[in-house]
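Worksheet: the structure to be examined is printed underneath.
The values are calculated or read from the model by the stated rules, or taken from the named source; none is laboratory data. Since this is a predicted model, take the numbers as computed values, not measurements. Cβ atoms come from the backbone with ideal geometry, glycine included; neighbour counts cover every protein chain shown. The accessibility values were calculated without ligands, DNA or RNA, using every heavy atom of the protein model including side chains. Shrake-Rupley method; radii C 1.70, N 1.55, O 1.52, S 1.80 Å.
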Amino acid sequence: MLKDYLQLCWFSGFPEDLPTDRKFLFINLGVYLLLGLFIQGNISDPIEAFMQIFIEVFITLIFMGALLLIDASTYNFERFLTAILVCENFVYVLGLPILFWYIFAKGGEFASYPIYIGMALMVWSITIIAYLIKGLFGFDSRTGGSLSVLYFVLTYFGSFGILVLTGL
């Protein structure tokens, strides 16, 4: 099952034909939380990182719920959530060495390279989400791309904004 979902990271496979399994979904949710906490915990305060990751998951659920309401079905909910989590986990795993490189290269001549690679990973992640939205909901490429950018902004900057507004 993991192989079916990882194909999406390479823009192959069909999101609408993916198998669903709640246990697999919850495993990926746990991995997402652990990887996110580890990465955010190395960037910011551990309590802030914990809150931010849970806000990201909550925003992801709201975003998907809104898309499913527009689609007028809940048929793709587990498939879509699992696909997003698997692909985000894959990008997170690729980002871990970049994070360590960034931490250890501060002040060195190669300090800017991890930033560029991290930006490329973010663009790749946005493109994967656009591919999923296009495949599961039948939107055109422009709409899928716009919704993917909206998802990225809401999830990552929205969670940070909520933390800043609440004073946490």
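What accessible area per residue comes out for the chain, rounded to a whole number of Å², with a 1.4 Å probe?
About 55 Å² of surface per residue is accessible.
How far apart, in nanometres, would the label points at Phe38 and Tyr75 be if each is projected 7 angstrom from Cα along the Cα-to-Cβ direction?
Those two pseudo-labels are separated by 3.7 nm.
Going through the DSSP H helices of the chain, which span 20 Å or more along their own axis at the Cα atoms while scoring at least 0.0 as a mean Kyte-Doolittle hydropathy?
Long hydrophobic helices here: 22-43, 46-71, 77-105, 113-137.
Find the eigenvalues of the gyration tensor of the Cα atoms of the chain, then list the square roots of 5 times those eigenvalues as equivalent ellipsoid semi-axes, largest first, in whole angstrom.
Working from the Cα gyration tensor, I get semi-axes of 27, 18, 16 Å.
Can you give the local net charge around Leu163? Use residues other than it whose beta-carbon is closer than 12 angstrom to its beta-carbon, Lys and Arg +1, Asp and Glu -1.
Overall, the nearby charge balance is -3.
Give me the percent of accessible area attributable to carbon and sulfur for the chain, probe 1.4 angstrom. List each step's numbers first, then the result.
On the way: 6680 of 9270 Å².
Roughly 72 percent, rounded to a whole number.
Taking the Cβ-Cβ separation of Leu2 and Lys106 as r and a Förster radius of 41 Å, what is the calculated FRET efficiency to the nearest 0.05?
For Leu2 and Lys106, the calculated efficiency is 0.75.
Using a Förster distance of 35 Å, how high is the FRET efficiency between Ala66 and Tyr116, based on the Cβ-Cβ distance and rounded to 0.05? Show your work: numbers first, answer last.
Values: r = 33 Å, r/R0 = 0.94.
Efficiency for this residue pair is about 0.60.
Would you list, by chain and number, the lysines whose Cα falls below 22 Å from the Cα of Lys23, excluding same-chain residues fewer than 8 positions away?
Result set, ordered by chain and number: Lys3.
Express in Å², to the nearest 10, the accessible area of Asp17 obtained by rolling a 1.4 Å probe over the protein heavy atoms while all chains stay in place.
Approximately 110 Å² for this residue.
Normalised by the number of residues in region 1-167, what is the relative contact order in percent for Cα pairs under 8 Å and 6+ residues apart?
30
Given +1 on the Cβ of Lys and Arg, -1 on the Cβ of Asp and Glu, and no further charges, what dipole in debye does region 1-141 carry about its Cα centre, rounded to the nearest 20? If you can, show how the numbers build up before the last one.
Numbers: 6 positive and 12 negative charges, 38 e Å.
In total the dipole reaches around 180 debye.
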